[in-house]
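Inspection log for the structure reproduced underneath, given as structure tokens.
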Amino acid sequence: MKLQINLCFLLFRVRFHYGHPDIFDRIFHLTRGGISKASKTINLSEDIFSGFNSTLRGGYVTHHEYIQVGKGRDVGMNQISLFEAKVSNGNGEQTLSRDVYRLGRRFDFFRMLSFYFTTVGFYFSSMVTVIIVYVFLYGRLYLVLSGLERSILLDPSVQQSKSLETALAPQSVYQLGTLLVLPMVMEIGLERGFRTALGDFIIMQLQLATVFFTFQLGTKAHYYGRTILHGGAKYRATGRGFVVFHAKFADNYRFYSRSHFVKGLELLMLLIVYEVYGKSYRRLSIYWFITASMWFLVASWLFAPFVFNPSGFEWQKTVDDWTDWKRWMGNRGGIGIPQDRSWESWWESEVEHLKHTDIRGRVLEIILACRFFIYQYGIVYHLNIAQHTHSILVYGLSWLVMATVLLFLKMVSMGRRKFGTDFQLMFRILKLLLFLGFLCVMTVLFVVCGLTIGDVFAGVLCFMPTGWALLLIGQACRSMMKGIGFWDTIKELARGYDYVMGMIIFMPIVILSWFPFVSEFQTRLLFNQAFSRGLQISMILAGRKDGASSSPS
């Protein structure tokens with residue numbers, strides 16, 4: 001593969017830099033457009049623009065390897081993700097630059113395709129892959145909530161034909177990435193034999209390589225897409241130290257909350273709604289053929305950081321992670337408070353790119369957030385309390401419920417700000433009154449209006465995405481929210497969502513940490529046999545030392 005890429009570079013001359021060049025011929029590059037660009041928004045990938053400038057002026061970049069030395073690489077999960085985020089940001093900036101446009105206009109067809117594939121095309125394809133998953137599931141959600149899928153699958157002509165399942169079966173195989181794996185198997189087979197290629201492929205699956213690369217697909221798509229929408233790329237220091245250490249749950253949550261966890265939970269809710277409202281008339285085989293790859297994507301995005309985290313399922317570290325995460329969520333932010341000490345400081349940094357985006361970015365952010373209203377509009381008409389009516393009044397009442405919840409959050413935010421520090425008793429009385437009011441309203445709905453337990457769970461699926469959409473819109477309209485005094489409410493709403501998301505993701509980790517064999521299996525999976533044995537011995541000695549220090553003298 002390396003030989004093929006080098007031949008591609010030599011034949012089509014689409015090599016623009018080799019890593020981070022340590023030496024530049026300054027005089028030469030100053031006469032070829034300069035080393036970097038004058039704009040502060042595209043300086044993250046400054047070294048590749050020197051290659052763009054030279055190529056636009058008729059030159060091409062060569063690589064002469066005089067000395068080959070070993071170099072430290074990113075080998076930790078968080079380090080690799082930070083590196084992928086940095087490179088994705090840089091490719092987003094290159095996509096928006098004039099240099100890529102001019103190169104594409106001046107290259108011939110074959111050189112242009114090679115240039116596209118070796119630069120921004122890979123990241124654009126990753127983003128399109130993720131977007132296609134969203135479009136597919138939202139289309140399925142529309143079919144199942146509108147009743148179109150039911151009318152199609154209950155049609156006698158469809159029930160008597162097996163061609164649908166026959167067509168879906170190979171489609172599901174392709175969705176699992178069979179066509180993407182085939183080039184790798186063919187390459188290894190031609191170089192070292194097909195038996196070796198098959199063995200390497202099986203070993204890669206046992207080492208969960210598919211899970212890892214599916215997770216990194218989300219990293220590329222998120223940071224590339226966000227740079228396209230809002231800009232704001234920044235350098236991320238990764239470091240190349242010894243990374244065999246346990247990353248805390250709060251660290252993983254900060255790294256992957258907006259890039260993976262939020263999107264994974266959104267896709268999970270789509271799959272759940274699609275399963276619940278179409279189960280009565282759909283065959284299990286069809287559902288599995290359609291959604292198998294989607295479930296794998298969701299599982300990879302939600303739990304890959306913990307699977308590849310050393311001692312990620314050790315019980316004592318899980319308990320310490322929970323304590324650390326609660327402390328991080330509760331600490332107040334402010335000037336000088338780092339992100340790893342306070343949730344508020346981290347959240348402010350996460351929405352900082354929206355402070356500097358233009359009107360186009362804000363409008364697109366609001367339009368994308370409106371997709372969450374599909375849940376609310378579709379589910380409220382399937383509630384038992386709606387009594388199968390299709391009146392617009394049902395949808396209006398659902399917004400009244402949402403406004404009531406936001407009003408409660410506003411009262412809690414005001415109470416925390418006015419009474420939370422000096423008048424703890426008053427703040428607790430306020431929360432008690434709000435809780436009693438909630439109980440009274442729920443009692444009336446159950447007794448008088450015919451609310452059921454199923455409606456409660458459906459309401460959670462309905463209103464949780466709506467609240468998240470309002471949160472995204474409020475973040476995009478930051479100045480207006482601060483002007484009308486609702487910014488603190490937006491912050492409390494974001495804190496509540498992060499609490500809920502953190503507990504949902506943390507729950508399976510707690511369950512798996514309860515069983516000791518899970519941690520042992522993870523250790524053998526991540527490390528070789530010698531290192532695994534040494535790690536287990538060190539854990540035993542550490543426990544013995546703690547026991548000896550706590551024993552009375």
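The values are calculated or read from the model by the stated rules, or taken from the named source; none is laboratory data. Computed from a predicted structure; not experimentally measured. Positions of Cβ are generated from backbone atoms using ideal geometry, with glycine treated the same way; all protein chains shown enter the neighbour counts. Ligands, DNA and RNA are stripped out before the accessible areas are found, and what is left, the full protein with its side chains, is counted by its heavy atoms. Shrake-Rupley method; radii C 1.70, N 1.55, O 1.52, S 1.80 Å.
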Where does each of I385, I359 land when they are ordered by accessible area, with a 1.4 Å probe and the largest first? I359, I385
Name the chymotrypsin sites (Phe, Trp or Tyr not before Pro) in segment 281-355 that are in a loop by DSSP and that have at most 13 other C-beta atoms within 10 Å, would you? Y281
In nm, give the distance between the simple-model label positions of R258 and T452, each being 7 Å from the Cα along the Cα-to-Cβ direction. 4.1 nm
T118 to V441: extension gain in nm, 0.36 nm per residue of separation minus the Cα-Cα distance? 110.3 nm
Take the alpha carbon gyration tensor of segment 185-339, find the square roots of its eigenvalues, order them as a ≥ b ≥ c, and report rounded if a/c is under 1.5; if not, report prolate when a/b exceeds b/c, else oblate. oblate
Taking R0 as 41 Å and r as the Cβ-Cβ distance between S479 and V244, the FRET efficiency 1/(1 + (r/R0)^6), rounded to the nearest 0.05, comes to 0.35
May I ask which of K326/K431; K317/K355; K263/K410; K234/K491 have a Cα-Cα span longer than 29 Å here? K317/K355
